[in-house]
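Computed from the coordinates by the stated procedures, all read-outs in this text should not be read as laboratory data. These figures come from a predicted structure and were not determined experimentally. Please note: Cβ atoms are built from the backbone with ideal geometry, for glycine as well, and neighbour counts cover all protein chains shown.
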Amino acid sequence: MIKKRKPKLAVWKFASCDGCQLSLLDCEDELLAVADKINIAYFPEATRAVVKGPYDISLVEGSVTTRHDAERIQKIRKLSKLLITIGACATAGGIQSLRNFKDVREFISLVYAKPQYIETLDKSTPIASHVHVDFELQGCPINKRQLLEVISAYLNERKPNTPSHSVCIECKRRGTICVMVAKGISCLGPVTHAGCNAICPSYCRGCYGCYGPMETPNTTSLSSWFSHLGVNEENIVRTFRTFYANAEPFRKESEAHTAERPEVSNKKPEYKEFM
């Protein structure tokens, strides 16, 4: 009897905090079951062991922020049958994409004692801006159960079953009273992907948009509600510029409430470096 080869899984890191990789390690018992079905061939966060590619599935965490990143993701794409981006950084540029609204040299000069040694691109961009991505899993960090579902789906050659509805649905399912209606608290729940089980509203706090924009979000309508609640323009901008500041729906809405209003471009990111 011919023994079936286990699919090879690789996990790659770009500019990020490692939180999404830790979500995979946090699977614990479930991860052992996954490891029985796949060969974890490359995962520096978990093991020094390396099995050479090509790889059946690559999980990519983090955004592209340097020329080296831009070159490396091209090589990873060629080595990967399926490429899945995990988390806000990989799918939208992450919180580091806040620099996209300013001149990055301002931040470098303020943060680093010797900014002349820093090499970086002018923007932080998602992986999909550089290569074809087969599936994007939202979250900051990602939901570990959703990650297991995505891996299982591809192992069984089916479509992943992840939610497309908003956090509001999660509030209704757990019986959480709407914080905007009852308390007058601004909340991104109506325009944010489900996945966290509405943690913040359950503690009487507004959603911060950790899972990114849901499908077809009506951000303009939500902003009008924020204004009705007394939120000024500056704070509306700040509300949309957090973990998913660079996600198109949130980016456009924040720009609609600021004097910056940069021109929208469909061009690939320029590899302009600052040294």
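Given Cα pairs under 8 Å that are at least 6 residues apart, what percent is the relative contact order of the chain? Don't skip to the answer; put the middle values down first.
Values: 501 pairs, mean separation 49.6, N = 275.
Averaging sequence separation for qualifying contacts and normalising by length gives 18 percent for the chain.
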### Summary
Rounded to one decimal in nm, the spacing of the 7 Å Cα→Cβ label points at residue 36 and residue 157 is 2.3 nm
### Query
What is the calculated FRET efficiency for residue 113 to residue 256, with r their C-beta to C-beta distance and R₀ = 45 Å, to the nearest 0.05?
0.75
### Query
If R0 is 35 Å, what FRET efficiency do you get for residue 98 and residue 5 from their C-beta distance, rounded to 0.05?
0.20
## Note on the structure
Here, residue 46 and residue 29, labelled 7 Å along Cα→Cβ, have an inter-label distance in nm of 1.7 nm
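Do you know the relative contact order of region 167-255, to the nearest whole percent, from alpha carbon pairs under 8 angstrom that are 6+ apart?
Working: 128 pairs, mean separation 22.8, N = 89.
For region 167-255, the relative contact order is 26 percent.
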### Query
Can you work out the FRET efficiency for the pair residue 183 and residue 22, with r the C-beta to C-beta distance and R0 = 22 Å, to the nearest 0.05?
0.10
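What full-extension length gain, to one decimal in nm, is calculated for residue 128 and residue 216 as 0.36 nm per residue of separation minus the Cα-Cα distance?
29.8 nm
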### Query
In nm², what is the average projected area of the convex hull enclosing the Cα atoms of the chain?
17.0 nm²
### Query
In the structure displayed, which of 114/144; 13/144; 37/75; 37/81 lie more than 28 Å apart, Cα to Cα?
114/144
### Summary
Any aspartates and glutamates whose Cα falls less than 20 Å from that of residue 78, other than same-chain ones fewer than 8 residues away, would be 56, 61, 69, 134, 136
